[in-house]
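Data first, discussion second: the structure below is written as structure tokens.
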Amino acid sequence: MQGLNIAYMLDLIPVIAGYVPLTMFMAVVSMIAALVLAAILAIIRVMRIPVVDWIVAVFISFFRGTPLLVQLFLFYFGLPQIFSFLVEIDGVTAAILGLTLHFSAYMAESIRGAILGVDRSQWEAAESIGMTQIQLLRRIILPQAARTVAPTLMNYFIDIIKSTSLAFTLGVTEMMGAAQKEAAGSFLYVETFLVVAIFYWVIVEVLSVGQRWMERHLGKAVVR
Amino acid sequence: MSCEINVKGLVKRFGQNVVLNGIDLSLKPGERVAIIGPSGTGKSTLLRCLNFLDRPDEGRITLGDLSVDVARAGKQDILALRRRTSFVFQNYALFANKNARQNITEGLTVVRGWTREKADARAEQILAQIGLADRGDSYPAAMSGGQQQRVGIGRAMALDADLMLFDEPTSALDPEWVGEVLDLIRRIADGRQTMLIVTHEMQFAREIADRIIFMDGGRIVEQGPPDQIFGNAKDDRTRAFLRRVG
């Protein structure tokens, strides 16, 4: 067994660091889009809007029931075959699309659970003062559900960041893709992938610290 | 703000179970009516059906110029009914994400479309009336049961409704807080607010109500002025009930 090539690893740091912005760009865009979509899906399910509710149920079932990698391949290789105008769908777009749909399905179920977890009396009180369904969701129910579901959503964000590494299979040179190329040239697999692993780890840890800080401060306004 | 209220043939079923079996009820403007009776006889359900927290199956509800056939009531009818009534819950049901002031202003700004300044000014008046002038910024979780229920009543007062509905407003309270809540309701009653109150506080019902309704088995069994019901009830069931609780 040989020692690690520390000098090589140190040299690699700035190279991988250069791809952090693209990884985070994909993760943040996917997270925001997934969150918006998930909230809409969850509300449709909670309100049991006829027909649409059924379509949403199938959507969620499909995106939770199939592997993310399969979904990414479907979007990247499959969609252009169906829709000719998509011939040029680039890897980043396909990755963001796949991550968004995939994680929106998971988040929708979490958000739905949080909405249903808000005490029945909160709905009734809002109804009793004459609020419409939209008003009571927006002003009373969703703010309370958001507080419950925030830690779970943070976990999904962390999951999304790590899952962006799959974009390299679509030819995107993000952190993982860059590492793959470096390793192919140097044959120093352990060093290369160790560096990229540490990068993901540090990013996630920084976010976790941020999350704990946020929870402490948001928790101050008392609920229940 | 006040108007005649009429309920005709109100029926509510939960599955096979008939909870309200044809309720007829009229309230004159400013009339204060207390509903008493054994548990499980539909008293709360009657209140909850009047603003569609529970959807009634048959009957007609009329508030002044608003008349709703409950079997055919659409979203707009239901909203209209709710916007002319106010409801005080047994478990307070304050908005947990809003402080005392916001609980009071919420209906004014969001439902009535008042400006923030006007609603806040009204909230300050109400906070003073309910004896919580200094607690406007407190969240429900930081208040005692008695304080929470007073805010719950304040939230309902703010709506200035044609009909105030009180669903056992002191039943969930620790004994030490019952007095302050009853005092507040008494003051509202003194203002000749039309109200329908379900209560187990017999002495209180006798004091504030113009009329007592005794319900049993989903029907109104007997009604009349407090002295008549408490002193000289005609129906055996009423007398038996009053003996048990008295």
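Throughout, read-outs are computed from the coordinates displayed, never taken from laboratory work. What you see is a predicted model, and the numbers here were worked out from it, not measured in a lab. Here Cβ is always computed from backbone atoms with ideal geometry, including for glycine, and neighbour counts include all displayed protein chains.
Remarks
- Cβ-Cβ FRET estimate between residue A:69 and residue A:215, R0 fixed at 30 Å, reported to 0.05: 0.40
- Taking A:163, A:208 and counting other C-beta atoms within 10 Å, the order from fewest to most: A:208, A:163
- Likely footprinting exposure, A:102, B:200, A:217, fewest C-beta neighbours within 10 Å first: A:217, B:200, A:102
- Separation in nanometres of the label points that stand 7 Å from Cα toward Cβ, at residue B:66 and residue B:6: 1.7
- Cβ neighbours within 10 Å from other chains - mean over A:141-148: 2
- The modelled label-to-label distance for the pair residue B:115/residue A:187, using points 7 Å beyond Cα in the direction of Cβ, is 7.9 nm.
- For chain B, the percent of C-alpha pairs falling in each 5 Å distance bin, counted from 0 to the bin holding the largest distance, reads 1, 6, 14, 17, 19, 17, 13, 8, 4, 1, 0, 0.
- The charge dipole of chain B, taken about its Cα centre with unit charges on the Cβ atoms of Lys, Arg (+1), Asp and Glu (-1) only, comes to about 480 debye.
- For residue A:115, net neighbour charge (Lys/Arg +1, Asp/Glu -1) across residues whose Cβ lies under 13 Å away: +4
- In this Cβ point-charge picture (+1 for Lys and Arg, -1 for Asp and Glu), the stretch A:21-171 has a dipole of about 260 debye about its Cα centre.
- Ordering B:29-39, B:145-155, A:145-155 by mean Cβ neighbour count within 10 Å, with the highest value first, yields B:145-155, B:29-39, A:145-155.
- The stretch A:73-224 shape via C-alpha gyration tensor axes, a/c threshold 1.5: oblate
- Placing a label point 7 Å from the Cα of residue B:235 along the Cα-to-Cβ direction, the residues of the stretch B:1-30 whose backbone N falls under 13 Å from that point are B:21-25.
- Here residue A:4 and residue A:48 are evaluated by their C-beta separation; at R0 = 56 Å the FRET efficiency comes out at 0.45.
- Cβ crowding within 10 Å, taken as a proxy for footprinting-reagent exposure, orders A:201, A:123 from fewest neighbours to most as A:201, A:123.
- Positive minus negative residues near residue B:5 (Lys, Arg vs Asp, Glu; Cβ under 15 Å): +3
- Taking 0.36 nm per residue of separation and subtracting the Cα-Cα distance, full extension of the segment from residue B:245 to residue B:174 would add 23.7 nm.
- Counting only DSSP H runs of at least 4 residues, each contributing -39500 (n - 2.57), and dividing by the residue count of chain A, the helix-based mean residue ellipticity at 222 nm comes to -24500 deg cm²/dmol.
- The relative contact order of chain B comes to 27 percent, based on Cα pairs under 8 Å that sit 6 or more residues apart.
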